[in-house]
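I have placed the structure first, in the form of structure tokens, so that the comments after it can refer back to it.
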Amino acid sequence: MSGTLGGVHRASLMTPLALALAVTALVACGNGEPAATSGTTPATSTEATTPPESSTPAAPPSSAPPPSSASEQPPPPAKGKVVVLDPGHNGGNSKNPAVINKPVPAGRGKGKPCNTTGTQTNAGYTEHAFTWDVANRVRNALTAKGVRVELTRPNDTGVGPCVNERAEIGNRANADAVVSIHSDGSTTAGHHGFHIIYSNPPLNPAQGTPSAKLAGAVRDAMRDGGIPLSNYTGKAGLNGRDDIAGLNLSTRPAIMVECANMRDATEAALAASPEGRQKYASAIAEGLLRYLA
Ligand SMILES: [Zn+2]
């Protein structure tokens, strides 16, 4: 389970009852997706990646040297765009329950705890460490393309920020895209794959078509990167929800990426390895660049 933005993640130590409730909620999330989401299901963004026609006009004069592909390339289309990355949870959360359990506004007239501890692999690799590392890898990939990137927390040792403040950081930055990075913790055997959560029904224009397009672009890029779609929640890797605080409170195009199920042995090994985290980060960055282009 997850939810720095939404506070859906549970503490790592769960009672059997809490586990049962969590699993029940999880199933409800997948089955309870309103049929109306099909109307806002993000379209695939493959057309954005279609290379231009190769039939370029007039060839250069024969005396001209062949163009250097490096020097002739136009500026990256995403140059100057602003992306806010939200690495879920934080390293100091588990030792500061009084701070992170404080209720904050969650949108739609509801409240949520300020923040949560997140999940971890069975071997103890934490979600907060995973999200922090992946977010930094995504940042590096985007800044190399001229994108201005802001993170919602400066390190992996602090507490919070609260979910409403994380949303506000994206709003204040007037971000072209906001991506909250998480990883799930379903203990049901066989549950694996990624899913992307978007606000549904949308509460403002940014949560409508732009967020749906962002969700579709990142979904496509992750699928293209060989990361399997979730087999236990959402539809084709997409999950419209109304209970994620950070998405409810966002006035910018925003999604939450649940990269993997950290309780699945294969995906836990991937998440705990630098190569695996780079795989997730590269795919997320590629999806963002397609969306921003
Ligand atoms: Zn999480």
>> Which of the three applies to the range 64-166, rounded, prolate or oblate, going by the alpha-carbon gyration tensor with a ≥ b ≥ c and a/c under 1.5 meaning rounded?
In response: prolate
> What shape does the range 116-252 take by its C-alpha gyration tensor, where a ≥ b ≥ c are the square roots of the eigenvalues and a/c under 1.5 counts as rounded, a/b above b/c as prolate, and the rest as oblate?
Replying inline: rounded
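Would you mind checking the pairs Lys81/Lys235; Lys110/Lys279; Lys79/Lys279 and listing those with alpha carbons more than 26 angstrom apart? Before the final figure, lay out each step's value.
Details: Lys81/Lys235 30 Å; Lys110/Lys279 36 Å; Lys79/Lys279 23 Å.
From the list (Lys81/Lys235; Lys110/Lys279; Lys79/Lys279), the Cα-Cα distance tops 26 Å for Lys81/Lys235; Lys110/Lys279.
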> Rounded to the nearest 0.05, what FRET efficiency is calculated for Arg108 and Glu150 with R0 set to 30 Å and r the Cβ-Cβ distance?
Replying inline: 0.70
> Reachable lysines from Lys95, Cα under 22 Å, same-chain residues fewer than 8 places away excluded?
Replying inline: Lys112
> What is the Cα centroid distance between the range 93-151 and the range 260-293, reported in whole angstrom?
Replying inline: 15 Å
> In which sequence would Val84, Val147 go, from the one with the fewest C-beta neighbours within 10 Å to the one with the most?
Replying inline: Val147, Val84
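May I ask you to sort Arg277, Arg137, Arg172 by Cβ crowding, counting other Cβ atoms within 10 Å and putting the fewest first? If you can, show how the numbers build up before the last one.
Working: Arg277 24, Arg137 20, Arg172 13.
Ordered by Cβ neighbours within 10 Å, fewest first: Arg172, Arg137, Arg277.
When a footprinting reagent is the concern and you count Cβ atoms within 10 Å, what order do Phe194, Phe130 take, fewest first?
Working: Phe194 26, Phe130 30.
Listed from fewest to most nearby Cβ atoms, that is Phe194, Phe130.
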> Structure shown: which of Lys102/Lys145; Lys145/Lys213; Lys102/Lys213 lie over 31 Å apart, alpha-carbon to alpha-carbon?
Replying inline: Lys102/Lys145; Lys102/Lys213
> What ³J(HN,Hα) values, in whole Hz, does the Karplus curve 6.51 cos²θ - 1.76 cosθ + 1.60 give for the range 281-293 when θ = phi - 60°, with x put for Gly and Pro?
Replying inline: 5, 4, 5, 5, 4, 4, x, 5, 5, 5, 5, 7, 5
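Laboratory data are not the source of any read-out in this text; all were calculated from the coordinates shown. All of these numbers come straight from a predicted model, not from anything done at the bench. Virtual Cβ from ideal backbone geometry, glycine too; neighbours counted across all protein chains shown.
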